[in-house]
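Structure record follows, encoded as C-alpha cells.
The values are calculated or read from the model by the stated rules, or taken from the named source; none is laboratory data. Since we're looking at a predicted model, the values are computed, not measured. Neighbour counts are summed over all protein chains in view; Cβ atoms, including those assigned to glycine, are modelled from backbone coordinates with ideal geometry. Each accessible area value is taken on the protein alone, full model and side chains, heavy atoms only, with ligands, DNA and RNA left out. Shrake-Rupley method; radii C 1.70, N 1.55, O 1.52, S 1.80 Å.
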Amino acid sequence: MDDPYAARRRDFLKTGAVAAAATAVSCGRGTTGFRVLSEGESLTLRAACDQIVPKDEDPGASEAGAVVFIDRQLATRAKRDLARWRAGIRGLDATSRRRFGVAFAEAAFDEQTALLRDLEKGVGDKGDWQGIAPAAFFRLLRDYTMMGFYGDPRHGGNKERVSWRMLGVPDPPLRGRLHETPPPPALAPRPPRKS
Amino acid sequence: MALPRVNAVVVGSGAGGGVVFNELARAGLSVVCLERGRWHSPFEERKDDLVNQRNASLGVAYGPDEEKNPRVFVDLEGRERVVYPRQGEYSPNAGCVGGGTLCYGGQAWRFMPQDFRMRSTYGAVAGSTLEDWPICYVDMEPWYEKAEREIGVSGDVEPDPFKGPRRNPLPMPPLQPRPREYEILRPAALRLGLHPFDTPLLINSVPRDGRSACMRVRWCVGFACETNAKNGTHNTVIPRALATGNAWLRTGCKVKEVLTDARGRATGVAYFDADDRLQEQPADVVVVACGATESARLLLLSRSRLHPNGLGNRHDWVGRNLNGHTYTGAVGFFEQETYDDVGPGVCISVCDYNHGTPGLAGGGMLANEFIRLPIQFSDDQPPGTPSWGQPHKDFMRTYYRRNIAVQGPTQDMPTWDSRVELDPKVKDHWGIPVLRLSGDRHPHTIEVANRQAERAQAWLREAGAVASYQRRAGRGLSGHQHQSGTCRMGSDPKTSVVDASGRVHDVPNVFVIDASVHVTNGGFNPVLTIFANAFRCADLLTKAWSGGGLRG
C-alpha cells in the first residue's frame, strides 16, 4: 500500500519555489505594498475596517492587519469579488463626499459610523452605488474585517494574534502540549469590563 | 480500455464505504475503493480557523474541490443559483479519504429503539413521509457494538436511562479532565431532574490502536486531528483493508456512472481518474457509498434502457426525503469564566427529550457545543445586538470566555419534496450534470426544534446564566453533514429504493450503504448508525457472496 503519511517532498519544494517567485514579483511592483488595492482604496478601507473593530485599549482592525488580509484575499481566493469591492469602496467615498464634502477616510469618526449604519440598513443613494448594493457591501466589509481581526494570522490579519490575546485565548500549542500546561501569564484573561 | 475485473468496487471511502471496503477485503473478495478526494495526513494539518469544514469562510480544507464541483440550489421562492462547497446551501460533506470521518466532531450515538419505529410510535404525520425502518434496534445492537470497538469510542453512557439495551460498555473511558462546562452544567441538569452523562465520542481518551490519546486542543470539529487521536475510516478500517493485500484504494477518482448490461445487472463503474482519463472498472458487485447527496446523484446518472430514470428509481424515490437535522438550542452568558480551552468542548449530554413529549413526534439529544473559535463567536451575538463597532468588541471581550451553548439535532420529519435531482443545465468539471437541491423543512420539525431551544435555555438558566437567548429553527432545506434519506431502505419496492440489506430493489448486484438509506435520521448525530449499518450490510453481502448469488 502507499504510505498515506509520506511527506510529499517534491510537492513541498515545488510550492516553495512558486511562492518565492510570487513574492519576488509582487515586491517588484508598485509602492503601496498591497497586491491589488490602490493607495486610495487602502486608505478608505483602513478607515472602514476601524469602524468595524475600533481601536481602544486594544488594537483596532487596521492595526491588526485587516486591510492586508482583505487585499490578500482579493488577490487570491476572493478574486471574483474584486470588482464588487472596488465598486463598494467607490460608493463609500462618493456618499461621504456628497454628505460631508470629504472622502470617507477624511470624515469624522462619528460621521463614518452614521454612514455605515445607513449602509447596513440598505440606505444609499442609487447614483453612488453602481455594481454592488449598499447592504451587500456592508456585509462583505463586516465579515472580512472580522476574519482579518479574529481569524488565523497566516492570512495576513490578526497580526501577532492580537485578537486572541485580547480575548485571553492561548496561543496555538506546539504538537505535544499537555492540557495541564498553563498558558503563559502574559495571556491571562482580563477582568470583565464594566459597560 | 477496461481495467482487470475485481469482485467488488466501492464508491466512496467515508463512514459507509470505508467499513464495507474493509469487511469485503477481510472476507477475501478483491475490492477496489474509488475516492474522489485525496489522503490528508495528520502532519500536514494546519488548524486554519478560516479554512476548515466547520468555518469555510475562505474555503473547505478537505474537499470537494471548490471550482470543479458546483451545485445548484433552489430557494423557497424558487430562485436558483450556483453554489460552491464553502457555502451552507451546498450541503457539503468533506471529499477526501475518510470523507466526513476525517474531520467530524465524532459524536458516537446509537439511535434509540423508537428511532427505528417512528411511524409506529407516533402515527402518520400529515405532509411527511414518516415511516418505520425495515429493521429494529435489536438487529442493529451487535453492529453498534462492533462499530464502537473497531472504530473506537470513548465516553460513559451507562447513566442514560433512555438508551436501548446494550451488552457492553464503551471501550474507552471519557476524556479526562472534564472541561469546566461539564462541572457547571451537570448539577443544573440534576436539579432539573434530567439524566446527564459523558457524551460518547469517536476520540481516543487513552492511547489505542497504535495512536495517541486526544491532546485537547480547541480545533476539533471541522478539522482533521493533528495527533491522529480522532477515529475515522481513514485511520482504522481503510488501512486494515489495504493490509489484506486484496484491496486497492484509488484517490482522485470521480465516478461517472454505474454500468449495466442487457439484463439490467451492474457490470462495474466508469470513472475519471486523477488525470481526468476515463476508466472502466469491471466488478461483480458495486457498492455506492458517496453520502446521501452524491449517492442519489450516481444512481440518477446511471441510466440505461432497462433503467431509464436511473438505478432503483422506477417509482421516483431516488433523491427524495433528503433530511439532515434541525439544530436549535440556546446560548447562556455567565458572570464566571466558563472557558478553559480544553477541547473538543462537547462533553455532557441528556436524552431526556428525545421521545415521549405529548403532542410532539420525537425530539433530540441536547449537549453542550464544541468550542467555538473567536471568528465563530464573532458571528454569534444575541439577536438585536450590534454585530460591529465598539459594542461588538466589548461584547467579545466580556463574553468570549463567559458563555455556554447547549444545542441538539432535532429529528426531522422527512418530506417528499425535499430532494436532490440532476440539474438540466449545469455540469461539473468532468461534464457530468450536477445536483440541484430544493425543498423545505416540515412545520412539525420546526415546532419540535423550537421546544428543544426552550429546554436548552432552561438548562442554561438553571446553571446560572445571567442572560441567554434561544437559537430557534428557521425554514429551508435540511441536509448538510448529517444528510440522509435519499435512497430509503424498505421492504416494499414501490415505496423505497433498497431492501433491508442495502441492495437496490431492481438491480441485484448494486448496494447503497451510507446514510442515504436511513428511513429516519434519529435525534442524534448519525455517524455511528452509518458505521453499524455498514457492518451489518457488509455481513449480509459477504454471506450472499459466499452463496454464489452475486457472481455475474
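Here are a few things to note about the model shown:
- In region B:123-144, of all residues being of a type in the set (D, E, K, R) and out of contact with any Pro (no Cβ under 9 Å at 6 or more places or on another chain), the one that is farthest from B:ARG208 (Cα to Cα) corresponds to B:ASP132.
Here is a yes/no grid of residues against (1) open to solvent by less than 10 Å² (accessible area, probe 1.4 Å); (2) part of a helix (DSSP H, G or I); (3) of a type outside the set (A, V, I, L, M):
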{"position": "B:LEU437", "(1), (2), (3)": "yes, no, no"}
{"position": "B:THR445", "(1), (2), (3)": "yes, yes, yes"}
{"position": "B:ALA465", "(1), (2), (3)": "no, no, no"}
{"position": "B:SER478", "(1), (2), (3)": "yes, no, yes"}
{"position": "B:PHE524", "(1), (2), (3)": "yes, no, yes"}
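- Residues (of a type in the set (Gly, Ala, Ser) and open to solvent by 50 Å² or more (accessible area, probe 1.4 Å)) located in region B:126-173: B:ALA126, B:GLY127
- Selection of region B:456-494 for residues being within 19 Å of B:PRO383 (Cβ to Cβ) and touching a Leu at 6+ places or on another chain (Cβ under 9 Å) yields B:ALA456, B:ALA458, B:LEU460, B:SER468, B:ARG475, B:GLY476.
- A residue that is within 17 Å of the chain's Cα centre (by Cα) and open to solvent by 70 Å² or more (accessible area, probe 1.4 Å) can be found somewhere in region A:125-144.
- None of B:ALA108, B:ALA126 is hydrophobic (A, V, I, L, M, F, W, C), under 27 Å from B:ILE446 (Cα atoms) and more than 17 Å from the chain's Cα centre (by Cα) except B:ALA126.
- Residues that are facing another protein chain (nearest Cβ under 7 Å) and among the small types (Gly, Ala, Ser), drawn from region A:149-171: A:GLY151, A:SER163, A:GLY168
- A:ASP50 of a type outside the set (Lys, Arg), under 25 Å from B:THR385 (Cα atoms) and open to solvent by 50 Å² or more (accessible area, probe 1.4 Å): no
- Any pair with Cβ under 7 angstrom, 6 or more apart, that starts in region B:259-273 at a residue that is basic (Lys, Arg) and ends at one that is surrounded by fewer than 19 Cβ atoms within 10 Å (Cβ to Cβ) and outside any strand (DSSP E or B): B:ARG265/B:PRO508; B:ARG265/B:GLY552
- Some residue of region A:46-55 being of a type in the set (D, E, K, R) and within 12 Å of chain B (Cβ to nearest Cβ): yes
- Filter pass, B:ARG216 being open to solvent by less than 10 Å² (accessible area, probe 1.4 Å), among the basic types (Lys, Arg) and within 12 Å of chain A (Cβ to nearest Cβ): yes
- For beta carbons closer than 7 Å, sequence separation of 6+ or different chains, a first residue in region B:400-417 that is more than 14 Å from chain A (Cβ to nearest Cβ) and a second that is open to solvent by 10 Å² or more (accessible area, probe 1.4 Å) and among the polar types (S, T, N, Q), the qualifying pairs are B:PRO409/B:ASN525; B:MET413/B:SER128; B:PRO414/B:SER128; B:PRO414/B:THR129; B:THR415/B:SER128; B:THR415/B:THR129; B:TRP416/B:THR129.
- Region B:7-44, residues that are part of a strand (DSSP E or B) and within 18 Å of B:ARG240 (Cβ to Cβ): B:ASN7, B:ALA8, B:VAL10, B:VAL31, B:VAL32, B:CYS33
- Of the residues making up region B:287-304, none is open to solvent by less than 10 Å² (accessible area, probe 1.4 Å), more than 30 Å from B:LEU34 (Cβ to Cβ) and among the β-branched types (Val, Ile, Thr).
- Single residue of B:VAL60, B:VAL6, B:VAL19 found to be open to solvent by 10 Å² or more (accessible area, probe 1.4 Å) and closer than 21 Å to B:VAL512 by Cβ: B:VAL6
- Residue in region A:100-112 that is closer than 20 Å to A:ILE70 by Cβ, free of Cβ contacts under 8 Å to residues at least 60 places away in the same chain, out of contact with any helix residue (DSSP H, G or I) (no Cβ under 8 Å at 6 or more places or on another chain) and not in a helix (DSSP H, G or I) present: no
- Of everything listed in (1) within 10 Å of chain B (Cβ to nearest Cβ); (2) at pLDDT 95 or above, the single unmet condition for A:ALA133 is (1).
- Among (1) closer than 16 Å to A:ILE70 by Cβ; (2) in a helix (DSSP H, G or I) - the single one A:ILE132 does not satisfy: (2)
- Counting the residues of region B:389-414 that are open to solvent by 20 Å² or more (accessible area, probe 1.4 Å) and in a loop (DSSP other than H, G, I, E, B) gives 1.
Every residue, every condition in (1) over 22 Å from B:VAL19 (Cα atoms); (2) within 14 Å of another protein chain (Cβ to nearest Cβ), yes or no:
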residue: B:ALA147; (1), (2): no, no
residue: B:GLU150; (1), (2): no, no
residue: B:VAL153; (1), (2): no, no
residue: B:PRO173; (1), (2): yes, no
residue: B:PRO177; (1), (2): yes, yes
residue: B:ARG180; (1), (2): yes, yes
residue: B:PRO187; (1), (2): yes, no
